C-alpha cells in the first residue's frame, strides 16, 4: 500500500465517525474522506455539501473534506461558518432541490468534549447513514473501502461555492410549523446554547416570533469553557433554571454543541424528553384515525407514563433503539411522523418540494413546544404534574480502564436486576437489536395501551457508541425511594466493583 495507507482501527462508529483529535492523523482523516467519496461515486453522487460546527478542530477537518472532494471533481457547496447540524441537513435538502445526487457531510462531535471531532453523513436525498444503515450498508461500506487498497482518482471539474442559509433555514422552519412573525409575543425564554453553534440561529428565530429571550452562553466557542456542551447531563441546566427564577421567564431551553439535542424546562427544573414530547406532538397535530394511530418512535429510556400520554394524542408509540441514523431510516420505513429520544433528540417528517425526509430540526422543535405553551399556559403545569409522578436519574456515565472491564461491569448490572425479578429486553418486537438492555418491572404493554403497577420501574443500560470504554445508564421509577435504591445499586457495581469513573 502507498503512503496514504492506514492501519486499524478506524474512526467510524455506529451512526457517524467520531474520534479524539490526537488519535487520528491528518493522513487518516484524509483517507476517511477518500473512502467516503469512493462510496459517493458508487452511488452516482455528483455534489457534496460540507458544514461544520464551532468546535476547534472542525474547521480543519472540513477543509480536508473540501480538498478531497474538489480534487476528485465533485461540485462542493461549503458552509464555512459554524452552523448547527439541523441547519446542515436543511442545507443538504435545499441543494438537493437542484442537485438531487447530493451527499452531505457535517463535521461535528455533538455533545462530546472539545477534544473530539467527527462527521455525520447523508446520502441522496438527505438520508442519514450509519453502520449497516443505508445503501450498500452505509458506513459499513465506507469502512470496507477505508481498509482496502481502493484509491480515489483525481478528476477535473471540481468547483466550490459558499453558502449562508441561516435566514432561509429559519423561514422554512417557521413555515413548516405554522408560526408567524410576532406570533409568540408574550412568551419569555431562557436560552442556554452552551457555547455551541445553534445559539445564534435559535436566538434569531425566537426574536422573529416575538419571544423575549434571556441568552446564556450564546457565543459559539469551541473551547467549551464551561465543560462538555451537553444540557442533559446532571446539573448542566442549573444556571439557566436559576435565571428563569430571577427573570420570571416561563420556559427554559438548552441545546448541545451542534444543536440537535434540546432540553426543555421551566423555573422549577427540566422536563424529561418523553413529557416535553407530549406538548410537541400536540402542537404538531399528529393524531391519526381511531383504528389507525400515527406511529411515533421512542427510545428505551422514555418512561411509560409519558408514553401513555402519547397514546391519548392518537399516536402509536413504537420502541426502537438509540442511533440517530437508524431511527431516521426506520421512520421512513414505517411511515412514522415523529420520534423522540430521552437524550433530547426530536425527529420530524419534513417535506421540501418533491422530497420527504426524516431528520432533526431544532427550530421546528422549539417553536412547536412554545406554540403549545403559548396556546395553553396550563401545559407547563400539566407537564410538571405528570413529571412529578415519575422519578428519573438522568443519564449517568462511567468510564472504565478497558472495553473488557466495561463489558463485565455492564453484564454485572444486568445480572443484578434480572436476579431481582426485572424483565430484560434486548430487541424490538420485530427483532431489531436495541444495542443495550431494557430493564423493567410492573409494566405491561398491550393492545389497549400501557398498564402500570404501583412500584413500577424502567431502565436502559448500554455501551456508549462514540466514546471508549463507557457504560451509559438511565432509570425511571414510580417511587422516589425505589429509584434511589436502584441508582445506588447500579452505581455501586459500576464504581466500587469495577472502578468506573464518572464522566459527563
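The values are calculated or read from the model by the stated rules, or taken from the named source; none is laboratory data. Please read all numbers here as calculations on a predicted model, not as lab measurements. Because the Cβ atoms are built from the backbone with ideal geometry, glycine has one as well, and the counts that use them run over all protein chains shown.
The test for being in a loop (DSSP other than H, G, I, E, B) and buried (at least 24 other Cβ atoms within 10 Å of the Cβ) holds for residue 109. Number of residues in the range 311-348 that are without any contact (Cβ under 8 Å) to a residue 40 or more places away in the chain and over 11 Å from residue 297 (Cβ atoms): the value is 3.
Determine, yes or no, whether residue 200 is touching a residue at least 12 places away in the same chain (Cβ under 8 Å), assigned to a helix (DSSP H, G or I) and within 23 Å of the chain's Cα centre (by Cα). Walk me through how you get there before you give the answer.
Details: touching a residue at least 12 places away in the same chain (Cβ under 8 Å): yes; assigned to a helix (DSSP H, G or I): yes; within 23 Å of the chain's Cα centre (by Cα): yes.
Criteria met by residue 200.
If you scan the range 37-53, which residues turn out to be farther than 15 Å from residue 120 by Cα and touching a helix residue (DSSP H, G or I) at 6+ places or on another chain (Cβ under 9 Å)?
First pass over the range 37-53, keeping only residues farther than 15 Å from residue 120 by Cα: 38, 41-47.
Scanning the range 37-53 gives 38, 42, 43, 45, 46, 47.
Remark: pairs (first residue in the range 446-458, over 23 Å from residue 436 (Cα atoms); second residue modelled with pLDDT under 90 and not in a loop (DSSP other than H, G, I, E, B); Cβ separation under 6 Å; 6+ apart in sequence or on different chains) = 449/311; 451/444. Kindly evaluate residue 296 against the criterion of being in the same structural domain as residue 342 (by TED's automatic domain parsing), free of Cβ contacts under 8 Å to residues at least 60 places away in the same chain, buried (at least 23 other Cβ atoms within 10 Å of the Cβ) and touching a strand residue (DSSP E or B) at 6+ places or on another chain (Cβ under 8 Å). In short, yes.
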